[in-house]
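Below is one structure, written out as structure tokens; the observations come after it.
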Amino acid sequence: MVFHGVHYIRMKSHRIYPIWLRGKMDDMFRNRNIQFTAGALCAVLVITLLYFLPPIHDRLSWRVDFATSFLRGALRPVSAIPTAEPETLQVVITPTIAPLPLATPTPLQPTPMPTALPASASLPAPTFEQQTMNNCGPAALSTYLRFYGWEGNQESVANILKPRPEDRNVNVEELVYFVRNNAGWLNIQYRVGGDVQLLKSLLANGIPVMVEESFHMDQKYWPNDDLWAGHYQFITGYNDATGTFVAQDTYYGPNLAISYDELENAWQSFNHVYILIYPPEKEETVKTLLGDEWDVDVNRQHTLEEARRATMREPENTFAWFNLGSNLVYFEQYNEAAAAYDQARALGFPQRMLRYQFGPFIAYFNARRTEDLMTIAKYAVNITPNSEEARLWLGWAHYRSGDRSAALSEFKKALYYNETYPDAIYALDFLANH
């Protein structure tokens, strides 16, 4: 419009301004937009930097991890573990797997066992350390080592075994590696097939014990989460009057009472594995308490036989079948192990099972059942995308299928998620030379 010879423009506010002001106003709005964008970017940068400050990161990383997992589970729903083909499954349903043709091991010299245990035992608990995100293994191990005067903490362990905080699992073998290379003045052993009586015997003789067991989560990480996970438990005492162990639980807190039956049930899902750390002068005591179980092969043979009996007592118990498969893998009986794992899959084992135990990968690979290996590896990767073990075995499945490019990609991902992972280093070297 023209008013008194001057061109004007009507703005949305219904105010009337001279048109010569329009350019200046555009510049003003443009500058404001630039300032707003710059301010927003600075705010994002500041928030990002603050997030990675240890005190803030420790508090918020759980929530970020939870949100990411929930969104992934919503977009790609987690189903039950796929089962094997029916004709394959029949191998394990009828008949029962035949006993192994193993040579009879040379028996150890008999050692006297305690005739009676005290009604209770209580070992001094080290200073409690609450685990940070995905850190129950390092936290439990550092607690165990502090029992003997070690001065590190869970970060000392995690920085070596799982540099990435989002890594959700540390294997028993990795814990053993850490102790032997970073606390070599102590001895460490692990065995399978433990029981309540053995734990009590060890505790009564001054040796605390670390076990791996099932853990019931208190929040869903995806819409149909079955809430099952693995957890390490450091046990420092027992009391027959209450029928409980005393555990220094890095998640729930110190001096946690766990009933004998509760521990037994939770322990079965990890083949009743137990870890012993002790000073060298205690070695003869440990040998005495373990008896024949000191011999690793004998220990595995006994545990295999018990796992077979467990499948007969409880044919619907998926963990009994899974343990049978794991002990068969130890003796390189891969076809029989694969058949046992088939039955565990048919019964349905927990969604996160392959985050912690990798026997099915080994069995299917060595039994040349590539399709089953591919199926369960993809399943494991869908649940735990940053699992270096699942990525590795998915890579081997692709390799067996003739897809070297996909195999290379998965091997690289495995090494990315854990740059010290020796199996990924070997796989990449193998692929480069074959």
Cα centroids of the stretch 351-412 and the stretch 167-194: how far apart, whole angstrom? 24 Å
May I ask you to derive the FRET efficiency for Val176 and Asn224 from their Cβ-Cβ distance with R0 = 35 Å, giving the value to the nearest 0.05? 0.50
Between Asn265 and Gln130, with labels modelled 7 Å along Cα→Cβ, what's the label distance in nm to one decimal, could you check? 2.8 nm
List Leu431, Leu198 from most exposed to least, where exposure is judged by having the fewest other Cβ atoms within 10 Å. Leu431, Leu198
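Taking N as the number of residues in the stretch 210-252, what is its alpha-carbon radius of gyration divided by 2.2 N^0.38 Å? Write out the running numbers ahead of the final one.
Details: Rg = 13.3 Å, N = 43, 2.2 N^0.38 = 9.2 Å.
Dividing the Cα Rg of the stretch 210-252 by 2.2 N^0.38 Å gives 1.45.
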Spin-label model distance (nm) - Glu166 vs Leu256, 7 Å beyond Cα toward Cβ: 2.6 nm
Amide H neighbours of Gly193 under 5 Å, counting only residues 5+ apart in sequence or on other chains, H built in-plane at 1.01 Å? His272, Val273
Report the rotationally averaged projected area of the stretch 120-294 based on its alpha-carbon convex hull, in square nanometres. 9.8 nm²
In Hz, Karplus ³J(HN,Hα) per residue of the stretch 346-362 (6.51, -1.76, 1.60; θ = phi - 60°; x = Gly, Pro): 5, 6, x, 9, x, 4, 8, 3, 7, 6, 10, 10, 10, x, x, 4, 5
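Arranged by the count of other C-beta atoms within 10 angstrom, fewest first, what order do His302, His272 take?
Going from sparsest to densest Cβ surroundings: His302, His272.
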Tell me the Rg and the Dmax, in Å, that the Cα atoms of the stretch 135-192 produce. 10.7, 31
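None of the figures in this text is laboratory data; all of them are computed from the coordinates on show. Everything numeric in this text was worked out from a predicted model, so none of it was measured. Counting neighbours? That spans all protein chains shown, and the Cβs are built from the backbone with ideal geometry, glycine included.
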